[in-house]
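All remarks here apply to the structure that follows.
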Amino acid sequence: MQPTPSPSPWHDWQGHALVVGLGGIGRALAAELPRRAPGLRLWTAGRHGADLSLDLTSDADLERLAELARTTLRPLRLVICTAGLLHDGPLQPEKRLSQVRREHLERSFAVNAWGPLLLAQALEPALERGLPSHFASLSARVGSIGDNRLGGWYAYRAAKAAQNQLLRTLALEWRRRQPDVCVTLLHPGTTATPLSEPFRGMVDPERLFSPERAASQLLDVLEPRDAGRSGDFLAWDGSPIPW
Ligand SMILES: NC(=O)c1ccc[n+]([C@@H]2O[C@H](COP(=O)([O-])OP(=O)(O)OC[C@H]3O[C@@H](n4cnc5c(N)ncnc54)[C@H](OP(=O)(O)O)[C@@H]3O)[C@@H](O)[C@H]2O)c1
């Protein structure tokens, strides 16, 4: 007989949850979360087809979200930011220095680096001291400076590395000001979504996750964590990634 899976530590949590970015992994997370945290009112935010319209590069959108945080989203227990940008038309990962463009660096940083930090700023009013909660954001192993052995992908690598530093800094501030929030940076592993689609040729099919599997693994990593371990950069299997 199969052992009954133990219930999620979030099973009895009450309050609100927010998934930002409804791409491949964001949608799969939004589908899985109600099973693990049935007491949380789930909101989605993104540029298309979400409950809340949110472009992370728009100050007006972030201010509208901040207003909702002040009036409606409290207590916010779980936030997962899955918004990210690797390629879009002429913006493509650079293979060499001559392909670097100021405009592409700025676009990549606006979404991948400042986006999650400004999201945290907008949402902070909805956090409630005394209630454990999570602020997680998807980073990427290629954002690791210590692990950079291949080069290339200047804008995306640097923007994810900047996100890591910004959210590590946030984790240190929140240890004092929001001591019940666990901030986590997560690498989902290579996952079959539009973001990875042009770059999957070399990936071993065994190591290419479906969005559903990636989402489930990321939630397995987050569930047992608490604010005492805030500020880590972890892979899909829970292993730490060098900064
Ligand atoms: N897939 C992988 O192999 C892989 C590997 C490592 C890390 N990651 C990271 O995992 C996260 C999720 O990626 P994914 O694979 O699910 O990719 P995806 O399917 O391309 O989803 C990315 C999402 O980000 C949203 N987004 C982009 N710019 C935005 C903005 N300005 N404001 C709000 N949302 C914005 C997109 O919205 P629209 O739908 O409106 O364009 C899209 O929904 C990203 O941070 C990515 O860097 C993915």
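Derivation of every value follows stated rules applied to the coordinates shown; laboratory data play no part. Computed from a predicted model, the values in this text were never measured in an experiment. Glycine gets a Cβ as well: all are built from the backbone with ideal geometry, and neighbour counts include every protein chain shown.
Points worth noting:
- Ranked Glu197, Glu124, criterion: other C-beta atoms within 10 Å, fewest first: Glu197, Glu124
- Residues whose amide H falls under 5 Å from that of Leu42, counting only those 5 or more places apart or on a different chain, are Ala17, with hydrogens built in the peptide plane.
- Nitroxide proxy distance, nm - points 7 Å out along Cα→Cβ at Asp147 and Thr169: 2.3 nm
- Helix-only [θ]222 nm of the chain, DSSP H runs n ≥ 4, -39500 (n - 2.57) each, per residue, nearest 500: -10000 deg cm²/dmol
- Order of Val111, Val142 under a 10 Å beta carbon neighbour criterion, fewest first: Val142, Val111
- Between Arg200 and Glu63, the FRET efficiency estimated from the beta carbon spacing at R0 = 45 angstrom works out to 0.75.
- At least 20 Å along the helix axis (C-alpha) and Kyte average at least -1.0, DSSP helices within the chain: 154-177
- Alpha-carbon centroid distance for the pair the stretch 7-73 / the stretch 157-210, whole angstrom: 17 Å
- If you take the alpha carbon atoms of the stretch 42-114 and fit the smallest convex hull around them, that volume is 107 Å³ per residue.
- Contour minus Cα-Cα distance for Arg35 and Arg129 (0.36 nm per residue): 31.3 nm
- P(r) of the stretch 183-231 over all Cα-Cα pairs, binned every 5 Å from zero, in whole percent: 5, 19, 25, 19, 13, 11, 6, 2
- The chymotrypsin sites (Phe, Trp or Tyr not before Pro) of the stretch 149-186 include none that DSSP puts in a loop with a beta carbon having at most 16 other beta carbons within 10 Å.
- Three-way shape call for the stretch 1-49 based on the alpha-carbon gyration tensor, with the a/c threshold at 1.5: oblate
- Student exercise, the stretch 143-190 dipole from Lys, Arg, Asp, Glu Cβ charges, in Debye to nearest 20: 80 debye
- Close amide H partners of His187, meaning residues 5 or more places away or on another chain with modelled amide H under 5 Å apart, are Ser139, Leu234, Ala235, Trp236.
- The stretch 12-166: C-alpha gyration tensor shape, a/c 1.5 cut-off, then a/b vs b/c: prolate
- Over the stretch 183-241, relative contact order from alpha-carbon pairs under 8 Å, at least 6 apart, %: 50 percent
- Sites matching chymotrypsin sites (Phe, Trp or Tyr not before Pro) across the stretch 1-93 that sit in DSSP coil, with at most 10 neighbouring C-beta atoms within 10 Å: none
- Net charge dipole size for the stretch 1-157 [Lys, Arg +1 and Asp, Glu -1 on Cβ; Debye, nearest 20]: 420 debye
- Two-decimal Rg to Rh for the stretch 100-234 - Kirkwood Rh, Cα set: 0.99
- Packing-based exposure ordering (other Cβ within 10 Å, fewest first) of Leu91, Leu118: Leu91, Leu118
- With contacts taken as Cα pairs under 8 Å and at least 6 residues apart, the chain reaches a relative contact order of 21 percent.
- For the stretch 22-68: rounded, prolate or oblate by the Cα gyration tensor [a/c cutoff 1.5]: oblate
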